[in-house]
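The next block holds one structure in the form of structure tokens; read it before the comments.
The values are calculated or read from the model by the stated rules, or taken from the named source; none is laboratory data. All values reported here derive from a predicted model rather than from experimental measurement. A quick note on method: Cβ atoms are made from the backbone with ideal geometry, for glycine too, and the neighbour counts reach across all protein chains shown. The protein model used for the area step is the full one, side chains on, heavy atoms only, and it has no ligands, DNA or RNA in it. Shrake-Rupley method; radii C 1.70, N 1.55, O 1.52, S 1.80 Å.
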Amino acid sequence: MTKYQIEGGHRLEGTVTISGAKNAAVAIIPAALLVKGVCKIENVPDISDVQILLQILEQMGASVRHLSSNTVEIDCSQVDYVEPNPDLVRRIRASYYLIGALLGRFGRAKVAMPGGCNFAPRPIDQHVKGFEALGADVEENSEYVIAQAQGDALQAGRVNLDVVSVGATINIIIAAVLAPGQTIIENAAKEPHIVDLANFLNTMGARISGAGTDVIKIKGVKSLRGGFYSIIPDQIEAGTYMAAVAAVGGNVLVKNVIPKHMDCISAKLREMGAKVTEYDDSIRVEKVRRLRRATVKTLPYPGFPTDMQGQIGVCMTLAEGTSRITESIYETRFFAYCQEFRAMGAIMEVNGKTAAITGVESLHGATVQAHDLRAGAALVIAGLAAQGETFVENIHYIERGYENLIGKLTALGAQIRRVED
Ligand code: EPU
């Protein structure tokens with residue numbers, strides 16, 4: 001078994017460059033299925049979720065050329081296949097975007113139930129509601145989602161989402177881009193990667209407006225052409241390094257970020273006593289004192305992201321006083337790391353949607369398991385901050401979403417390496 005071995009207690013100093021946003025890339029790559037032409041995409045994170053999606057497209061007949069580790073050319077002109085490889089589909093969550101893309105392009109799709117991180121029940125009823133509003137019949141069983149447009153092609157429709165869902169918003173945008181008429185999504189999610197997907201599709205000739213607000217309008221176009229696009233930096237990767245500096249100690253310039261996307265994370269770290277300085281496309285984080293307690297409630301963007309819950313949680317384990325996190329997106333997410341934190345000496349009590357974390361002077365090393373991507377990242381930070389040696393197991397979760405984590409941390413002075421049993 002491959003795991004991370006971490007020797008804690010080393011300050012983080014230097015510069016780290018943030019990669020392209022995972023959750024934008026995993027939407028943009030399936031969306032390329034709608035384009036008849038070459039999409040040259042830059043700032044693509046080199047992570048396993050992206051590699052799997054590219055493999056899925058290739059097996060469907062797309063031409064995929066890696067121009068460098070972060071630039072890829074995708075040409076889906078020749079794809080005529082509506083059943084992506086179920087084994088690959090089951091390995092990632094974002095494979096549900098293949099349903100929207102295939103429905104949009106071919107009017108039908110048979111896609112295995114998506115896999116990915118399982119920190120909570122993750123229904124797709126809002127995706128289905130959207131496809132149905134666009135005139136599709138959708139059948140779900142334990143293995144597959146089978147969708148078929150009535151009359152062989154989708155039509156524009158109006159969808160009011162019952163919950164603010166990133167995935168459903170993205171999937172409906174993708175499905176609607178080629179559907180004649182005007183589609184309107186109300187109560188849409190506003191995350192930066194939704195804007196990025198819309199910008200990508202508009203660059204290729206789509207007519208999407210309102211992305212980044214809660215009402216998105218999509219005027220169906222006849223076809224999309226190829227073009228060039230560069231993916232935005234990853235908000236959560238940046239937030240993870242920022243939280244790491246605040247928890248472990250040190251002074252790091254986090255480069256290639258959009259500071260506006262980081263507002264809520266920057267504000268929380270400042271409130272906890274870290275020094276956070278924003279520049280045009282970078283942020284410096286410095287630990288200047290022991291962190292103070294804080295209260296966090298996770299919310300859809302622009303609120304505090306659920307994907308940063310565990311990372312800010314590590315900061316709280318070492319802060320003065322008792323901090324509280326209220327999780328409002330995925331109630332069971334605390335269980336992905338709560339036991340592991342405790343094994344490292346943290347004091348954490350979970351009561352329904354709320355966790356109370358009472359700061360200790362120091363954490364100690366332990367052998368812990370990543371149960372999902374972000375919980376895994378939190379455990380790495382905890383290991384870096386702890387006294388002694390930590391082993392983090394199940395690292396395939398972490399490698400789904402963090403490009404070159406070991407290289408980036410090592411360059412900051414962390415003692416972390418990948419080891420085999
Ligand atoms: N929901 C429904 N029905 C649906 C869809 C969602 O009830 O059809 C509920 C969910 O159960 C949840 C809430 O709506 O309570 C929000 O879920 P959302 O659809 O926004 O989440 P997602 O699209 O499945 C994406 C990210 C997650 C991130 C969430 C929330 C991708 C591929 N995944 O998931 O990222 O936690 O948004 O911001 O974009 C990660 O990167 O580690 C990760 C898990």
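Run the quick spin-label model on THR71 and GLN387: label points 7 Å from Cα toward the beta carbon, then report their separation in nm to one decimal. That separation, rounded to one decimal, is 5.0 nm.
A 1.4 Å probe, protein heavy atoms only, puts the accessible area of PHE335 near 130 Å². Close amide-amide hydrogen proximity is noted between SER282 and VAL257, each under 5 Å apart and 5 or more residues distant or on a separate chain (H modeled in the peptide plane; Pro and chain starts excluded). Phi angles across region 101-112 convert, under the Karplus curve 6.51 cos²θ - 1.76 cosθ + 1.60 with θ = phi - 60°, into 3J(HN,Hα) values of 5, 6, 4, x, 8, 10, x, 7, 7, 10, 10, 4 Hz, Gly and Pro given as x.
Once you order the gyration tensor axes a ≥ b ≥ c over the Cα atoms, which shape class does region 319-397 get: rounded for a/c under 1.5, otherwise prolate or oblate by comparing a/b with b/c? It comes out oblate by the Cα gyration axes. Centre-to-centre, using Cα atoms only, region 82-137 and region 195-214 are separated by 20 Å. Give me the Debye-computed log₁₀ of I(q)/I(0) at q = 0.09, 0.14, 0.23 Å⁻¹ for region 18-134, equal point scatterers on Cα only, no solvent, two decimals. Log10 of I(q)/I(0), two decimals: -0.22, -0.55, -1.41. Ignoring solvent entirely, what values of log10 I(q)/I(0) come out of the Debye formula for region 110-164 at 0.25, 0.26 Å⁻¹ when each Cα is a single scatterer? Debye output, listed in q order: -1.06, -1.10. Put a dot 7 Å past the Cα of GLU139, heading toward its Cβ, do the same for LYS222, and the two dots end up 3.5 nm apart. Multiplying the residue separation of ARG290 and VAL64 by 0.36 nm and subtracting their alpha-carbon distance yields 76.5 nm. Shape of the chain from the C-alpha gyration tensor: prolate (a/c of 1.5 or more and a/b above b/c, with a ≥ b ≥ c the square roots of its eigenvalues).
Label-to-label distance, LYS36 versus GLN5, with points set 7 angstrom from Cα along the beta-carbon direction: 5.6 nm. The calculated FRET efficiency for GLN55 paired with SER328, based on their beta-carbon distance and R0 = 41 Å, is about 0.70. The charge dipole of the chain, taken about its Cα centre with unit charges on the Cβ of Lys, Arg, Asp and Glu (plus for the first two, minus for the last two), comes to roughly 880 debye. The residues of region 128-174 present an accessible area of 44 Å² per residue when probed at 1.4 Å with all protein chains retained. Phi angles across region 17-29 convert, under the Karplus curve 6.51 cos²θ - 1.76 cosθ + 1.60 with θ = phi - 60°, into 3J(HN,Hα) values of 9, 7, 8, x, 6, 4, 6, 7, 4, 6, 9, 5, 5 Hz, Gly and Pro given as x. Across region 282-289, rounded Karplus estimates of 3J(HN,Hα) from the backbone phi angles (6.51 cos²θ - 1.76 cosθ + 1.60, θ = phi - 60°) give 8, 9, 9, 10, 9, 8, 10, 6 Hz, Gly and Pro being marked x.
Of ASP234, ASP137, ASP280, ASP80, the order by accessible heavy-atom surface (1.4 Å probe, DNA, RNA and ligands excluded), from most exposed downward, is ASP280, ASP80, ASP137, ASP234. Taking LEU103, LEU384, LEU224 as the candidate residues, the one with maximal mean-square fluctuation in a Gaussian network model of the chain, Cα springs under 10 Å, is LEU224. With one equal scatterer per alpha carbon and no solvent term, the Debye-computed log10 I(q)/I(0) for region 296-344 at 0.18, 0.22, 0.30 1/Å reads -0.55, -0.80, -1.26. Based on Cα contacts under 8 Å between residues 6+ apart, region 1-88 shows a relative contact order of 28 percent.
Taking packing as the residue-averaged number of other Cβ atoms within 10 angstrom, the listed peptides 9-16, 303-310 run from highest to lowest as 303-310, 9-16. Note on region 368-421 and region 247-288: Cα centroid distance 21 Å, given to the nearest whole angstrom.
Within the accessible area of the chain, what % is carbon and sulfur when the probe is 1.4 Å and the other protein chains stay in place? So the carbon and sulfur contribution to the accessible surface is 46 percent.
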